[in-house]
Amino acid sequence: MSVDGEAVRLRIEADEPGWEVDPDDDWGVAVVTTVGRQLKLRREAAGLRAADFGTAVGYGEDLVYKIESGRRIPRPEYLDKADEVLGAGGLLSAMKEDVKRVRYPKKVRDLAKMEAKAVELQLYDPLNVHGLLQTPEYARGLLLMRRPAYSTDEVERFIAARVARKAIFERDPAPELSFVLEEWTLRRPLGGRTHLRQELEHLLEVGQWRNVELQVMPMDREEHAGLAGGIEVLKFEDGSTVGRSPAVASGRPVSEPRQLRILELRYGIIRAQALTPRESAAFIEQLLGET
């Protein structure tokens, strides 16, 4: 790609939604403000006006001011270009990891931190395919259905967060993951049949991984232990456990043994009532053929 073409691409990306700072996220605001201040100080020390610097990195002057004032999250490419232009020796590029996390809503960051440390996860969502299993296209379809509607920026932030959480599948050693999915969530073509087909294909792929067990709860079951809501149980290397369910402690994370026992008991019964992993894979294949 030519220099001009690259500059055009970067300017287009600069206008994309999903890079605004959430004013209610104190940590995020602090990070972006600090990064912006460092960029401004280095630019001024180099004797560059904002307009000249913007031209050098391939962004408009207005965006340079927004980033330096902490009103816009800089893209990774912006930090790399700035590092090169300002001769920062990698110090600006090194900020990419912290800046990347700012894009994710705070509650998603907190959840991702726990997931990143867990050695075993037991997950049941009665309303949707679990977020860790959603393709970006399927996730977008669900987010766009929300009423009152999310803003375009919020949709992009949530999708970015869900994609980032999937890093859990790439950990080494990999955690043990158990999912129970409701049949009806696999039948309804939310977002369109094409996206549903892609989602079913993705589930079949993930279900083949050695550390993942997928089970489907059929709609014809006459007994169901999960009617009180979703369940998350995360177990850690030190032997501690954290659980969460809307039916316990108003959905707040809990670690008290009595409450955890309730969650683990319910999850165990749900798994026993669902199809086995092998039966579930065959069932998903059948649904894919019907979709």
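The values are calculated or read from the model by the stated rules, or taken from the named source; none is laboratory data. Here the structure is a predicted model, which is why all the values come from computation and not from measurement. Because the Cβ atoms are built from the backbone with ideal geometry, glycine has one as well, and the counts that use them run over all protein chains shown.
Figures for the structure shown
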| quantity | calculated |
| --- | --- |
| Strands (runs of 3 or more DSSP E) within the range 209-291 that include 3 or more residues of a type in the set (S, T, N, Q) and more than 26 Å from residue 197 (Cα to Cα) | none |
| Contacts under 6 angstrom Cβ, first residue in the range 76-96 being assigned by TED's automatic domain parsing to the domain that holds residue 39 and at pLDDT below 90, partner crowded, with 16+ Cβ neighbours inside 10 Å and among the aliphatic types (A, V, I, L, M), 6 or more apart | 96/79 |
| Pairs with Cβ under 9 Å, 6+ apart, first in the range 201-218 and over 14 Å from residue 282 (Cα atoms), second of a type in the set (Asp, Glu) and at pLDDT 95 or above | 211/176; 212/176 |
| Residue check for residue 237: within 30 Å of residue 171 (Cα to Cα), crowded, with 21+ Cβ neighbours inside 10 Å and touching a residue at least 12 places away in the same chain (Cβ under 8 Å) | no |
| Top-ranked residue of the range 247-291 - restricted to ones that are touching a residue at least 24 places away in the same chain (Cβ under 8 Å) and of a type in the set (Gly, Ala, Ser), ranked as surrounded by the fewest Cβ atoms within 10 Å (Cβ to Cβ) | 281 |
| Residue in the range 193-204 that is among the basic types (Lys, Arg), more than 30 Å from residue 144 (Cα to Cα) and touching a helix residue (DSSP H, G or I) at 6+ places or on another chain (Cβ under 8 Å) present | no |
| Condition met for residue 114 (among the aliphatic types (A, V, I, L, M), touching a residue at least 40 places away in the same chain (Cβ under 8 Å) and crowded, with 18+ Cβ neighbours inside 10 Å) | no |
| Residue count for the range 176-194, restricted to those that are part of a loop (DSSP other than H, G, I, E, B) and touching a residue at least 40 places away in the same chain (Cβ under 8 Å) | 4 |
